[in-house]
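Structure first, then comments.
The values are calculated or read from the model by the stated rules, or taken from the named source; none is laboratory data. None of these values were measured; they are calculated from a predicted model. Don't worry about glycine lacking a Cβ; one is built from the backbone with ideal geometry, like all the others, and counts go over all protein chains shown. Side chains included, ligands, DNA and RNA excluded: accessible areas come from the protein's heavy atoms. Shrake-Rupley method; radii C 1.70, N 1.55, O 1.52, S 1.80 Å.
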Amino acid sequence: MAVQNQSPKVIPTAAIAELCRALAPDRVLFKPEDLVVFEYDGTIERGQPQVVVLPDNTKEVAAAVRIARRYDLPVVPRGAGTGLSGGAVAAVGGVLIAMTRMRRILEVDVENQTALVEPGVVNLDLSKAVAKHGLYYAPDPSSQRACTLGGNVAENAGGPHCLAYGVTTNHVLGLEVVLADGEVMWLGGPVRDLPGYDLPGVVVGSEGTLCIVTKALLRLLSLPQSTRTLLAVFDSVEAATNAVSSIIGSGLVPAALEMIDKETIRALTALDVGYPADAGAVLLIEVDGLKEATSEDAAKVRRVCEQLGAGEIREATDPADREKLWAGRKAAISALGRLAPNYYVLDGVVPRTKLPAVMNAVMEVGARYGLPIANVFHAGDGNLHPNLLFDERAPGATAKVLAAGEEIMRICVDAGGSITGEHGVGLEKRDYLSWIFSEADIHAMQRLKAVFGAGEHFNPCKAFPTSKGCGEVHSSAIQAFGADAYV
Amino acid sequence: MTPDLRQALRDALPSTTQTAKAEDYGIEGMTPPIAVKPASEEELIETLAACNAAQAAVVPWGSGSQMHFGMPLARYDVALDLTSLDGLLEYEPADLTVSVQVGMRLAGLEAILGENGQWLPLDPLVNESATIGGILATNASGPGRVVYGTARDFLIGIAVATPEGETIRAGGRVVKNVAGYDLGKLHIGALGTLGVITRASFKVAPLPELMLTIAAATPQPGALIVIAREAHRRGLAVNRLCLIWTQAASGWQLLVRMAGGASAVETSRRQLNELAVANGVSLAPVDGSVWSRLPAFQPGAEIVAKAAVMPTAISSILERLKALNSAIVAYPTAGIVYGSWQAGAVSSDDLKDLRRLCVQAGSGALVLEKAPAELRVAVDVWGQPRGDFSLMQGLKRQFDPEGILNPGRFVGGI
Ligand SMILES: Cc1cc2nc3c(=O)[nH]c(=O)nc-3n(C[C@H](O)[C@H](O)[C@H](O)COP(=O)(O)OP(=O)(O)OC[C@H]3O[C@@H](n4cnc5c(N)ncnc54)[C@H](O)[C@@H]3O)c2cc1C
């Protein structure tokens with residue numbers, strides 16, 4: 001069910017011919033049947049580009065951008081399409097630049113612990129490639145087997161281990177980018193503290209609206225000497241969130257601190273990941289570092305969890321066991337499909353001490369709307385992901401889900417938090433931006449867009465409150481999804 | 001500034017705004033006609049807007065300790081003292097976050113956090129009176145950066161007063177947040193050229209249970225660099241590390257501060273000892289006060305150059321600095337080296353050569369953080385702008401269109 005959001009500009013055949021010349025005819029797609037797979041990302045939004053190009057290198061990206069500019073066509077960069085805010089959806093049509101062919105790891109500097117990569121490299125592939133040097137790339141989104149480093153940069157992606165090691169922005173040194181006029185530029189470089197304004201710092205998290213990233217220079221970390229993985233079982237989400245606050249409050253910052261609730265555990269039963277079926281919630285806790293330090297830390301975690309009512313605490317005894325505990329966490333979101341035909345993933349953040357109260361309020365919203373909610377999230381960071389379960393075929397179900405989602409976002413904001421911790425604003429949350437930012441704040445952000453000369457050339461209608469030309473997209477997109485459009 | 005303009009500006013300033021003694025705000029022989037010390041953010045904003053309307057050049061002022069940082073000012077009309085804006089806005093220890101007004105001193109903030117067993121692990125070797133705003137604007141860092149990173153790794157939210165009389169905010173008070181562009185990053189190290197930072201929120205960390213400083217000395221730095229790298233690679237429980245060289249000691253010294261729980265510190269100490277023995281040096285505990293005596297940060301250091309290079313280029317930079325009779329403080333695994341001299345002890349040509357080495361061998365840069373004005377001009381504090389300079393100029397035009405904030409001090413004449 002491909003529905004165009006807004007009557008798209010007809011793409012001149014001359015533009016297609018130019019793109020074919022600049023790239024190669026087999027890497028320019030424009031037949032409707034070829035475009036379908038590029039219509040959606042991990043969200044409920046949809047929009048069809050008129051043409052998809054698959055560049056091989058920076059020069060081809062720049063050429064495509066210049067041609068699009070000449071024909072006044074918007075450009076949408078796209079990685080693996082795992083995004084959860086509609087960022088890679090061609091909201092108003094145009095040229096979609098899929099970065100998936102640019103997936104070379106160009107250079108690994110073992111001594112200086114950096115890697116130069118193309119944006120289409122899959123997150124986990126980088127860590128795998130450098131493991132033989134005792135190194136890894138720290139940000140590990142749960143989608144790391146699929147998502148690209150370019151998409152990570154655009155969203156400032158996080159992951160379970162970002163609690164201790166920071167999110168994408170803490171690991172980006174420099175970026176090669178293509179600007180809206182086709183100019184290629186390096187921002188930042190191989191060392192920190194270069195004189196001048198921190199341009200990579202603002203491009204990270206800019207959701208493909210400022211420029212297209214064509215190379216990234218990333219920091220690598222040394223693999224920890226020892227890792228201990230614990231699973232603490234609680235009666236309720238409330239008890240588990242209290243334990244989260246206490247662990248953090250005890251002066252310990254674990255490497256990861258993830259929460260998985262009863263509903264999610266139910267979805268995982270078939271996978272045999274070893275989470276007790278009768279648990280109200282489990283915490284997956286990992287500490288890493290020196291062997292002696294991790295045994296000290298693991299003991300501390302055990303103590304706190306026991307004090308706060310953990311019925312059982314398991315610990316992974318070997319790497320395979322550890323993998324198994326993590327497999328549950330990493331497969332959790334996709335497993336939700338077993339519970340309901342559709343689910344809608346939210347991404348709010350609250351101060352950690354507010355987690356217990358906020359989780360209660362979230363569940364109250366679900367109860368009020370009659371929507372089951374499954375929670376699996378980065379508890380240590382206060383970054384919650386309530387997943388609203390529903391069946392879109394039921395009349396009015398989708399509208400209900402969106403209304404409940406909005407209430408939950410409100411709860412996060414009222415608790416002093418944010419409308420997105422890692423998935424981005426995209427199409428989905430652009431109208432919530434004004435809940436946390438004033439007009440002056442948003443205007444300042446638009447000035448940054450002006451500095452990059454980006455206008456509405458890159459990823460129009462994303463990340464900012466709905467503007468006139470985009471008014472249509474939201475409402476028609478809401479009617480436009482189909483069952484397969486959900487993650 | 002003409003007398004008319006001065007009067008106009010005086011009239012436009014909020015009536016309650018406290019004016020300060022202008023003589024207290026001299027910078028290298030320039031005394032501003034007006035100095036103001038706003039008592040509230042509203043007053044600050046009105047003052048800025050009035051200055052903007054009058055096109056008066058404004059210098060935001062924290063403790064005033066880094067006013068030599070950057071190129072000499074092109075104009076200087078108003079000193080804007082921010083030290084009255086020093087409130088603690090929000091601090092919930094269990095959230096591990098804190099929000100302050102930036103006139104607060106770092107030392108004051110650390111005292112508050114310390115009472116709760118926490119700290120902001122930003123340990124720039126600045127004097128006691130340095131303010132949060134000044135530290136952000138200069139991107140000051142310290143020997144803890146090898147583990148904790150720099151200001152950009154802690155700042156989670158910011159509020160900035162603009163010349164046009166608005167407050168703009170970015171980020172927030174939660175540790176993870178991707179709503180809106182991360183504009184806070186632009187103000188770190190920007191030397192107050194894009195706006196006046198008024199509030200900042202940070203992630204903070206638990207204070208380590210135990211800390212222990214140890215030192216090793218050798219005539220050559222090679223072995224010490226190997227030890228530093230290996231400690232870093234193994235992930236030893238180290239939270240400060242630096243290498244120093246002084247003429248007086250006529251040798252190299254490695255300082256390491258271990259931090260963490262008892263067994264982590266003990267293991268790290270044992271492993272460091274083994275590493276030291278294997279590399280022919282010996283380690284011994286020293287008093288923690290050594291950290292406040294690092295040479296580049298002493299009053300005698302009248303010229304300070306900071307090299308930022310790839311860690312593998314460290315040795316060549318150290319060698320060159322030694323040949324230039326510099327005192328040296330280096331964070332080898334971060335690729336940061338400070339050379340310092342007394343005034344007159346190093347020539348502009350030597351510094352330019354050193355910069356060439358940093359750029360060519362180290363893929364990095366050299367910033368002349370402190371020096372007499374003539375030397376700063378002769379060497380150019382920042383060096384040649386890079387290929388992304390047009391975007392930097394664009395930022396300045398967008399956020400300070402009249403060019404009233406610290407004119408001329410920043411990169412490429414910004
Ligand atoms: C099951 C599941 C689990 C997830 N878990 C996490 C998680 O733990 N943490 C987390 O942060 N996210 C998570 N996500 C969300 C998503 O995976 C991330 O946002 C990821 O960074 C998107 O990468 P991508 O390659 O799929 O990008 P896409 O979805 O293709 O694009 C995302 C955005 O990036 C832009 N973009 C892509 N490439 C470039 C480029 N080269 N230059 C400029 N802009 C570009 C696009 O225009 C778009 O705005 C999860 C998603 C799923 C489906």
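List of remarks:
- Compactness index (Cα Rg / 2.2 N^0.38 Å), the protein assembly as shown: 0.94
- Buried area at the A-B interface (accessible, heavy atoms, 1.4 Å probe, summed, Å²): 6200
- Helical content alone sets the calculated 222 nm signal of the protein assembly as shown at -9500 deg cm²/dmol, taking -39,500 (n - 2.57) per DSSP H segment of four or more residues and averaging over every residue.
- For the options B:82, B:113, B:191, a Gaussian network treatment of chain B with springs between C-alpha atoms closer than 10 Å singles out B:113 as fluctuating the most.
- Dipole axis of the protein assembly as shown (+1 Lys, Arg; -1 Asp, Glu on Cβ), positive-most option in B:97, B:144, B:7: B:144
- Extension gain, residue B:129 to residue B:390: 0.36 nm times the residue separation minus the Cα-Cα distance gives 90.4 nm.
- Computed over segment B:295-379: relative contact order in percent, which uses C-alpha pairs under 8 Å that are six or more apart: 41
- Start at zero, step by 5 Å, and the Cα-Cα distances of segment B:53-194 spread as 2, 9, 18, 23, 22, 14, 8, 3, 1, 0 percent across the bins.
- Shape of segment B:191-299, Cα gyration tensor, a/c cut at 1.5: oblate
- Cross-link reach is defined here as a Cα-Cα straight distance under 15 Å, omitting same-chain residues fewer than 8 places apart; for residue B:37 the aspartates and glutamates meeting it are B:23, B:24, B:46, B:77, B:81, B:86.
- Note on residue A:449: lysines with a C-alpha under 17 Å away, same-chain residues under 8 apart excluded, are A:462, B:185, B:396.
- Residues of segment B:293-311 with amide N under 18 Å of a point placed 7 Å along Cα→Cβ from residue B:345: B:293-307
- Chain A: radius of gyration over Cα atoms, expressed as a fraction of 2.2 N^0.38 Å: 0.97
- Inter-chain shielding of A:348-355 (mean C-beta neighbours from other protein chains, 10 Å cut-off): 5
- Global geometry of segment A:313-395, whether rounded, prolate or oblate, following the gyration tensor of its Cα atoms and the 1.5 cut on a/c: oblate
- Spacing of the two label points (7 Å from each Cα toward its C-beta) at residue B:247 and residue A:440, in nm: 5.1
- Overall form of segment B:351-407 per C-alpha gyration tensor (a/c, 1.5; a/b vs b/c): oblate
- Taking every alpha-carbon pair within segment B:286-395, the share separated by more than 26 Å comes to 19 percent.
- Rule-of-thumb Rg ratio for segment B:3-84 [Cα; 2.2 N^0.38 Å; N residues]: 1.01
- Highest-fluctuation residue, B:318, B:186, B:44 considered, GNM on chain B with Cα pairs under 10 Å: B:186
- Here r is the Cβ-Cβ distance between residue A:315 and residue A:183 and R0 is 56 Å; the resulting FRET efficiency, rounded to 0.05, is 0.55.
- Distance between segment A:401-474 and segment A:162-209 - C-alpha centres, whole angstrom: 21
- Here the gap between residue B:7 and residue B:322, fully extended at 0.36 nm per residue and compared with their Cα-Cα distance, gives a gain of 108.1 nm.
- Theoretical gain in end-to-end length, residue A:66 to residue A:21 [0.36 nm per residue, Cα-Cα removed]: 14.9 nm
- Whole-Hz couplings from phi, Karplus 6.51/-1.76/1.60, listed for segment B:339-346; x for Gly and Pro: x, 9, 9, 7, 4, x, 8, 9
- Each distinct pair of alpha carbons in chain B adds a 1/r term; the inverse of their mean, the Kirkwood radius, is 22.4 Å.
- Cysteine residues of chain A whose Cβ has no partner cysteine Cβ closer than 4.7 Å: A:20, A:147, A:162, A:211, A:305, A:412.
- Ignoring aspartates and glutamates fewer than eight residues from residue A:354 along the same chain, the ones with Cα atoms less than 14 angstrom from its Cα are A:238, A:381, A:414, B:92, B:95.
- Per residue solvent-accessible surface (Å²) - the protein assembly as shown, probe of 1.4 Å: 35
- With a Förster radius of 45 Å applied to the beta-carbon distance between residue A:278 and residue A:393, the computed FRET efficiency rounds to 0.90.
- Inter-label distance, residue B:282 to residue B:31: 5.9 nm, where each label sits 7 Å from its Cα along the C-beta direction.
- Under 5 Å from the amide H of residue B:239 lie the amide H atoms of B:257, B:258, B:259, each residue being 5 or more positions distant or on a separate chain, with H modelled from the backbone and absent for Pro and chain starts.
- Per-residue HN-Hα couplings for segment A:400-409 [Karplus 6.51, -1.76, 1.60; θ = phi - 60°; Hz; x = Gly/Pro]: 4, 4, 5, 5, 5, x, 5, 4, 5, 4
- Note on residue A:306 and residue B:90: the model spin-label points, each 7 Å out from Cα along the C-beta direction, lie 3.7 nm apart.
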